[in-house]
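Worksheet: one structure, shown below.
The values are calculated or read from the model by the stated rules, or taken from the named source; none is laboratory data. This one's a predicted model, so the numbers in the text were calculated from it and none came from an experiment. A quick note on method: Cβ atoms are made from the backbone with ideal geometry, for glycine too, and the neighbour counts reach across all protein chains shown.
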Amino acid sequence: MLQTRRSDLFGIINGVDYRQWDPAHDPSIAQGYEARTLKGKRVCKEALQTECRLPVKDVPLIGMITRLTAQKGTDLVIEVLDELMRLNLQLVILGTGDPDIQLKLKQAMQRHPEKLSVHLAFNESLSHRIEAGSDLFLMPSRYEPCGLNQLYSLRYGTIPMVRKTGGLADTVVDAIPSNVEEGKATGFVFERASSHEMLTTVQLALKLFREKDLWYRMMRTGMAADFSWDRSAQEYEKLYRLAIEKARLPDGQIAGPPKPGSGVQT
């Protein structure tokens, strides 16, 4: 039914309240920063490493803030977690969910205390510090109608790595060579819900992390993107106006509900 009505279906991206999610004025982070001067982000990274009991050093720091469920792809992370830990990176995870996933993450943190920090809680203040202090943000969702954390990440200069699904595909511009060269890329996108495809994407991101000029360009491109509610509200207004026009009768009147007893179903 939806396929036959596809021309009548519309999707509108979530909006972000930039009064609450803005690294220049965020009271929860160690130091504010803007796209022009990114020095404060390094301060935020070192503060996050310290808070999470990770060594303070310049390695790629990946953040995850998520429900620990298969829908969010956290089982994919579990599948290759030891392989991830062999890479030159650190990983901070915040969230709660499936008890089995929680247990496996706790066990992995015991095996890799200098690379993995897991926080099994809901902590909004810490979520701001993870967004500000991370270099990369991982969202391997199996499905995601829109998603918000990739939008927060863009604003905070934290480059998202996402699966190509739903709103993640609509909001992150993949770092294929042409997009990188043209200054359009804002993140990394992988196609399948596959742990090894995700791992390959992480490895690609770590390689580009060493190309500092390109990396900072991607950060600034993402920070300049507008995903405010003002933008989304304009899309809602366009949709309402279109609905009115489609309901308008030849004489200019707006079609109302059918009269009782007319036999027309609504």
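Numbers for the structure displayed
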item: Conditions (1) over 22 Å from the mean Cα position of the chain (by Cα); (2) within 21 Å of Leu136 (Cβ to Cβ); number of the one not met by Gln110; result: (2)
item: Matching residues in region 201-219 - criterion: being among the hydroxyl-bearing types (Ser, Thr, Tyr) and surrounded by 14 or more Cβ atoms within 10 Å (Cβ to Cβ); result: Thr201
item: Those residues of region 55-78 which are within 27 Å of Thr221 (Cβ to Cβ), out of contact with any Pro (no Cβ under 8 Å at 6 or more places or on another chain) and surrounded by 15 or more Cβ atoms within 10 Å (Cβ to Cβ), in sequence order; result: Val59, Pro60, Leu61, Ile62, Gly63, Met64, Ile65, Thr66
item: Condition met for Leu148 (under 19 Å from Tyr18 (Cα atoms), in contact with a Gly (Cβ under 6 Å, 6 or more places away or on another chain) and either aromatic (Phe, Trp, Tyr) or in contact (Cβ under 8 Å) with a residue 60 or more places away in the chain (or both)); result: no
item: Given (1) surrounded by fewer than 24 Cβ atoms within 10 Å (Cβ to Cβ); (2) of a type in the set (Val, Ile, Thr); (3) at pLDDT 95 or above, number of the condition Val172 does not satisfy; result: (1)
item: Residue check, Ser134 touching a residue at least 60 places away in the same chain (Cβ under 8 Å), under 18 Å from Leu208 (Cβ atoms), out of contact with any Lys or Arg (no Cβ under 6 Å at 6 or more places or on another chain) and of a type in the set (Gly, Ala, Ser); result: yes
item: Matching entry among Pro113, Pro60 (being in contact (Cβ under 8 Å) with a residue 40 or more places away in the chain and touching a helix residue (DSSP H, G or I) at 6+ places or on another chain (Cβ under 6 Å)); result: Pro60
item: Cross-chain or 6+ apart pairs with Cβ under 6 Å, region 180-196 first and farther than 17 Å from Glu79 by Cα, then part of a loop (DSSP other than H, G, I, E, B) and hydrophobic (A, V, I, L, M, F, W, C); result: Lys184/Val173; Ala185/Val173; Ala185/Ala175; Thr186/Val172; Thr186/Val173; Gly187/Val172; Phe188/Ala175; Val189/Val172
item: Search result, residues across region 1-54 that are surrounded by 13 or more Cβ atoms within 10 Å (Cβ to Cβ) and assigned to a helix (DSSP H, G or I); result: Gly40, Lys41, Arg42, Val43, Cys44, Lys45, Glu46, Ala47, Leu48, Gln49, Thr50, Glu51
item: Close pairs (6 angstrom Cβ cut-off, 6 or more residues apart or separate chains): over 19 Å from Thr171 (Cα atoms) in region 3-24, not in a loop (DSSP other than H, G, I, E, B) anywhere; result: Pro23/Ala132
